[in-house]
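The values are calculated or read from the model by the stated rules, or taken from the named source; none is laboratory data. None of these values were measured; they are calculated from a predicted model. Every residue, glycine as well, gets a Cβ built from its backbone with ideal geometry; the counts of neighbours run over all protein chains shown. These area figures cover heavy atoms from the full protein model, side chains too; ligands, DNA and RNA do not enter into them. Shrake-Rupley method; radii C 1.70, N 1.55, O 1.52, S 1.80 Å.
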Amino acid sequence: MVTIVNRNDHMEIRDLQIFLSVAKHLNYTRAAEEVNLSQPSVSIRMRELERDLGSKLFEQLGKKVALTEAGQLLVPFATRVIAVISDARQAIAELQGMERGLLRIGASTTPGMYLIPRTLANFKRHYPKIEVHLAVKDTRQIEDGVIRNEFDFGFVGGHLAGDDVDVLPWMTDRLVLVVPSNHHLARKKSVKIADLRKEMFILREAGSATRAAVAHHLKKADLEVETVMEMENPESVKKAVQSGLGIAFISRFAVETELKAKSLVAVHVEGLDIHRELKIVYRKDKHLGRAAQTFIDIARKSGHPDFAR
């Protein structure tokens, strides 16, 4: 009797995880750091995977690494395999109830800094043995992470991705114009859009849902503003405004403390109501276990009483 061994049978889940990391970073050193292996080990594992599949997955273009056509084809399949394994582990863990398990949550900057910590504290009070990993990045990075199954679900300030994700409504976020307490606009009950044309503005970075919402509403109002600087998180924006470097539109959630302390002043702009819908996103083929569904339920039920609607 002759036994035929197919080399493809030797493919390991770990190899697919390493492959996805290299595919994401297109850099063996960064991938090695992410998967906790040495760079030579990552290179060896990828050569073995290529040998098992009978196709080159990466090619060297000068000093850069690029995916081949076969590599591009493998990415969605590898992502689905890793997602199914993760879902299976979570489902088995939940046979013991809510006594163990892991949640990988992504959140864009405003939800991650000002809203999710409260939900997380509430969740951990009831389910202390569920391990929770929270990553705070911009909306685009969170949605990309959800699609790549780096997060079980994400909280975002906008929806940028295509048909790969399902979206649940969460709450409404109002963006307000804030100025320093000694600014000339701080003394006015309200200002006209035209009053803002000569002001210097501080904006969030490209990829931020806050910036996208502001740009959309300013364009509708036919208002072009002069940008003095861009910053990557609301805390930096607030500090810059307080220092007198400019004025900014920012989430009301982000400035509650400063408005109460009167270190910043919110100025009403006539005819300009900037708001955005905060959303919960997850892969369409993702199995949301009991822990994930419970966390989402807590988040949706604990919407901010003053500003959510």
I need the full set of residues from the stretch 266-284 which are of a type outside the set (A, V, I, L, M), open to solvent by 20 Å² or more (accessible area, probe 1.4 Å) and closer than 23 Å to residue 205 by Cβ, in order please. 275, 277, 279
Please work out which residue is surrounded by the fewest Cβ atoms within 10 Å (Cβ to Cβ), limiting yourself to the stretch 126-170 and to residues that are closer than 20 Å to residue 93 by Cβ and of a type in the set (Asp, Glu). 131
Of the residues in the stretch 239-248, how many are among the hydrophobic types (A, V, I, L, M, F, W, C) and open to solvent by 50 Å² or more (accessible area, probe 1.4 Å)? 1
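A quick yes/no check of all residues on (1) of a type in the set (Gly, Ala, Ser); (2) farther than 25 Å from residue 154 by Cα; (3) at pLDDT below 90:
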{"site": "4", "(1), (2), (3)": "no, yes, yes"}
{"site": "15", "(1), (2), (3)": "no, yes, no"}
{"site": "26", "(1), (2), (3)": "no, no, no"}
{"site": "32", "(1), (2), (3)": "yes, yes, no"}
{"site": "39", "(1), (2), (3)": "no, yes, no"}
{"site": "62", "(1), (2), (3)": "yes, yes, yes"}
{"site": "80", "(1), (2), (3)": "no, no, yes"}
{"site": "98", "(1), (2), (3)": "no, no, yes"}
{"site": "103", "(1), (2), (3)": "no, no, no"}
Residue match in the stretch 218-228 (condition: surrounded by 14 or more Cβ atoms within 10 Å (Cβ to Cβ) and closer than 27 Å to residue 166 by Cβ): no
Of all helices (runs of 4 or more DSSP H) fully inside the stretch 40-155, the set with 3 or more residues that are out of contact with any strand residue (DSSP E or B) (no Cβ under 8 Å at 6 or more places or on another chain) and under 22 Å from residue 15 (Cα atoms) is 69-93
Can you tell me which of 80, 100 is touching a residue at least 12 places away in the same chain (Cβ under 8 Å) and either within 20 Å of residue 20 (Cβ to Cβ) or not basic (Lys, Arg) (or both)? 80
For residue 66, state whether it is open to solvent by less than 40 Å² (accessible area, probe 1.4 Å), of a type outside the set (Phe, Trp, Tyr) and at pLDDT 90 or above. yes
Answer yes or no as to whether residue 109 is open to solvent by less than 80 Å² (accessible area, probe 1.4 Å), closer than 30 Å to residue 175 by Cα and under 27 Å from the mean Cα position of the chain (by Cα). yes
Would you be able to say whether some residue in the stretch 134-150 is without any contact (Cβ under 8 Å) to a residue 24 or more places away in the chain and under 26 Å from residue 300 (Cα atoms)? yes
Which numbered condition trips up residue 123, out of (1) touching a helix residue (DSSP H, G or I) at 6+ places or on another chain (Cβ under 6 Å); (2) open to solvent by 30 Å² or more (accessible area, probe 1.4 Å); (3) among the aromatic types (Phe, Trp, Tyr)? (2)
Every residue in the stretch 23-33 that is surrounded by fewer than 17 Cβ atoms within 10 Å (Cβ to Cβ) and within 20 Å of residue 11 (Cβ to Cβ), please. 24
Single match in 263, 208, 236, 251 (criterion: touching a residue at least 60 places away in the same chain (Cβ under 8 Å) and open to solvent by 20 Å² or more (accessible area, probe 1.4 Å)): 263
